[in-house]
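Values quoted throughout were computed directly from the atomic coordinates according to the rules given, and no laboratory measurement underlies them. Quantities reported herein were computed from a predicted structural model and do not represent experimental measurements. Counting neighbours? That spans all protein chains shown, and the Cβs are built from the backbone with ideal geometry, glycine included.
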Amino acid sequence: MFRLLMYLIPLALTIYAFIDCLNTPEDEAKHLPKIAWVFIILLFWIVGPIAWLAAGKLRTPPAGGRTPSEWHRNHRMEYVAPDDNPEFLNSLKAENKKDEALLKDWEADLRRREEELRRREQGEDPKNT
């Protein structure tokens, strides 16, 4: 069991450091370019991930909340909650109008069927009216 842990722990550390390095923006990699850190992590199996975690990344949270990819940085949502988003509120209004129209149709169909059933019970022909 201990022999297995001797291989699994460094492997897990390497995988974690590799993914962390890939998700780090280029300008937050310290001392070396990001691609160099990737090679160090993958080539120096135990020392590379420890070096990345100790000295390779800027560990203070940047102002404004950064995300790993450039696309996410440039396409940030303006609204935090759905009730602050006017598009969401308009979609709710449109959905409510559709639901109300559907409910009115169902009620009219129910009244028509009840009237038809009442006429059948009274012996009248429902198609003659």
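Spin-label model, D105 to F44: label points 7 Å out along the Cα-to-beta-carbon direction sit 6.9 nm apart. Ignoring solvent entirely, what values of log10 I(q)/I(0) come out of the Debye formula for segment 1-64 at 0.20, 0.26, 0.29 Å⁻¹ when each Cα is a single scatterer? Rounded to two decimals, the profile gives -0.71, -1.05, -1.23. Excluding same-chain neighbours fewer than eight residues apart, the aspartates and glutamates reachable from K97 by a Cα-Cα span under 14 Å are D105.
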